[in-house]
1. Quick check on my filter: what residues within region B:168-177 are aromatic (Phe, Trp, Tyr) and assigned to a helix (DSSP H, G or I)?
2. If A:ASP85 meets every condition in (1) open to solvent by 10 Å² or more (accessible area, probe 1.4 Å); (2) touching a residue at least 40 places away in the same chain (Cβ under 8 Å); (3) touching a Gly at 6+ places or on another chain (Cβ under 7 Å); (4) more than 25 Å from B:GLU235 (Cβ to Cβ) apart from one, which number is that one?
3. For region B:117-132, how many residues are open to solvent by 100 Å² or more (accessible area, probe 1.4 Å), under 24 Å from B:ASP85 (Cα atoms) and at pLDDT 85 or above?
4. Does A:LYS47 meet the test of being exposed (fewer than 14 other Cβ atoms within 10 Å of the Cβ) and either without any contact (Cβ under 8 Å) to a residue 24 or more places away in the chain or under 30 Å from A:ASN256 (Cβ atoms) (or both)?
5. Tally up the residues in region B:248-280 that are open to solvent by 50 Å² or more (accessible area, probe 1.4 Å) and within 13 Å of another protein chain (Cβ to nearest Cβ), please.
6. List the pairs whose first member sits in region A:198-219 and is closer than 17 Å to A:GLY34 by Cα, whose second member is charged (D, E, K, R) and part of a helix (DSSP H, G or I), and whose Cβ atoms are under 7 Å apart, counting only residues at least 6 apart or on separate chains?
7. If a residue has to be open to solvent by 50 Å² or more (accessible area, probe 1.4 Å) and among the small types (Gly, Ala, Ser) to count, how many in region A:216-259 make the cut?
8. Suppose the filter is more than 9 Å from chain B (Cβ to nearest Cβ), open to solvent by 40 Å² or more (accessible area, probe 1.4 Å) and outside any strand (DSSP E or B); does A:GLU133 pass it?
Amino acid sequence: MKTANQPLLSLKGITKRFGALTAVNGVDLDVCPGEIVVIIGPSGSGKSTLLRSVNFLEEIDEGTILFEGDEIGYVRNKQGRRHLDAPAKICALRSEIGMVFQHFNLFPHMTVLGNVMEGPLTVQKKSTAAAREIALDMLAKVGLSEKRDVFPATLSGGQKQRVAIARALAMRPKLMLFDEPTSALDPELIGEVFDTIRSLGREGMTMIIVTHQMGFAKEMADRVIFMENGSFVAQGTPEDFFANQMEHDRIKSFLNRIL
Amino acid sequence: MKLLSGRISKTAILLFSCLLLLLVPVSYAKDYDQVFSDANEAMGNGDLPAAITILKKVQFEKGDDGGAFVRSRMQIARLQFALKDMPAASATAREVLAVYPDNSEALNFIASVKQEQKPRYVVFIEDCLRFLPQLLKGAVMTIALVVCIILISPLGGLLIALGRISAFKPVSGLCWFFIWLFRGTPLLLQLFFIYYGLPSLGITFKPFTAAILGLGLNYSAYLGEIIRGGIQSIEHGQMEAAKAIGMTYWQAMRRVIIPQTYKRLMPPIGNEFIALIKDTALVSTIAMVELMRSADQMFNAYFNVTALILAALIYLLFTTIFTFIFEKIEIRAGIYENR
């Protein structure tokens with residue numbers, strides 16, 4: 001059932017446990033096309049786990065994930081036990097959802113261009129020339145065309161993260177997930193990464209961003225969500241969130257610690 | 001009595017052998033018996049030049065059987081040899097040859113004088129030239145073995161490593177067992193089992209096949225563990241990043257994880273291959289004629305340590321070349337880490 005106004009991504013009752021610990025506890029979330037959702041919250045609140053669940057890097061214990069209206073990623077076997085779908089299907093889903101990691105995770109043995117080409121080349125089986133063209137486009141988009149032939153080891157943290165963004169974009173994803181993209185960066189390098197994310201937002205990219213940068217949340221987000229102990233405690237537009245939800249004791253103390 | 005200390009024992013042996021000769025009943029012309037006993041006495045006093053002078057009294061006479069003459073001249077030659085007067089020693093031996101050109105004692109003596117006159121390094125080089133053709137033949141076989149194992153064992157090792165980290169229990173269990181078995185028993189025993197043991201089960205291999213099989217299995221087991229360590233040393237985020245752009249597990253392994261292990265694997269694998277060069281010596285026990293076996297054959301045939309020294313030098317040459325090659329590959333493999 002696809003409708004014009006349906007959410008791009010819809011999470012229903014997502015629960016993920018690590019042994020006795022419940023990292024994500026029955027979370028519901030709808031993300032509309034073009035929407036920028038920023039999730040904040042203390043360490044260990046389940047933000048990253050939730051984000052990784054969307055990309056199947058974590059296998060959830062309960063809940064359903066709908067992408068463009070279709071339930072994805074999990075099937076039930078004859079005994080009725082749910083498990084992750086066939087690897088080929090999971091890979092196909094992942095290629096539609098880009099992910100950027102806190103520690104960049106660039107492939108150190110490939111040049112910058114090689115990193116960005118890798119997805120189109122290996123996953124989408126595009127020709128070298130086609131993959132190269134896409135990669136050059138994406139590097140231009142993140143402003144690193146001149147770095148295309150160097151190895152990642154020579155880049156600054158901010159440049160590395162921009163290459164990682166270009167690598168994810170090269171797959172033409174419909175949704176981008178950012179897992180604390182600036183947490184491993186020196187403060188003076190944070191700006192360039194946010195500039196890149198900001199320009200993506202202007203182009204209408206749908207994004208879920210986990211971050212500790214409140215300024216960025218305020219400026220960029222369509223919606224800010226505060227997560228703690230595996231649940232959403234509060235959410236709202238940035239104006240609403242930072243003006244009204246601040247009364248929330250937990251949020252207040254968290255923000256006071258951060259700001 | 002001025003003898004060089006190093007020569008004392010040799011002189012003693014000479015004297016002793018001369019004494020023994022005197023004890024043998026002989027039928028020389030009667031008047032020479034006195035000469036020999038005088039010479040013997042002089043030798044007993046340690047006066048070798050005097051003994052030589054006395055022995056020279058014996059002359060060759062036509063119609064004589066020449067026994068006394070040959071005996072006296074050879075004794076003189078030996079005494080001159082003991083006195084390190086090599087030209088005189090061989091000249092004396094030639095006196096015998098002048099009368100009896102085929103006298104093997106004299107011929108051998110002249111040969112050993114020649115050998116003694118040569119500088120040590122000349123002797124060594126001559127030995128080298130004598131042993132080298134056979135040793136090189138053996139060395140070619142050693143290299144053939146090493147090259148085969150270098151081609152086989154990394155592939156075997158990779159398969160075992162991937163099997164070991166497989167989530168599929170029967171596969172990882174099987175690989176664990178393989179490593180346990182081949183790492184836990186002596187290579188020599190494995191070679192014996194394959195070459196001498198399996199025929200009793202009706203499986204017979206040629207020596208070369210058995211050697212390749214034994215070394216290949218053993219080295220695959222070792223490399224398997226090294227490669228597994230290499231794969232698992234790659235940061236987990238690399239696999240996640242590869243998966244996040246849609247790669248399958250095998251694509252990620254092939255394109256992202258395994259290429260990053262090359263540099264890290266070079267030092268331990270280089271180590272293994274240097275050990276391999278030396279371990280090929282073990283296949284000499286299963287009827288393979290390689291460098292070690294050739295050296296052993298030469299050593300046993302000539303009882304000449306030069307054969308072993310030469311083999312050691314060839315092994316050292318091989319290991320040196322390998323060390324050098326692996327250092328180069330390591331640098332090449334890690335080029336992306338150089339800023």
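1. B:TRP176, B:PHE177
2. (2)
3. 1
4. Judged against the criteria, A:LYS47 is not a match.
5. 7
6. Short answer, once both residue conditions are applied: A:VAL210/A:LYS47.
7. Result for region A:216-259: 1.
8. It is true that A:GLU133 is more than 9 Å from chain B (Cβ to nearest Cβ), open to solvent by 40 Å² or more (accessible area, probe 1.4 Å) and outside any strand (DSSP E or B).
The values are calculated or read from the model by the stated rules, or taken from the named source; none is laboratory data. Everything numeric in this text was worked out from a predicted model, so none of it was measured. When we count neighbours, we look across all protein chains shown, and the Cβ atoms used for this are built from the backbone with ideal geometry, even at glycine. Protein only, heavy atoms only, side chains kept; ligands, DNA and RNA dropped before computing areas. Shrake-Rupley method; radii C 1.70, N 1.55, O 1.52, S 1.80 Å.
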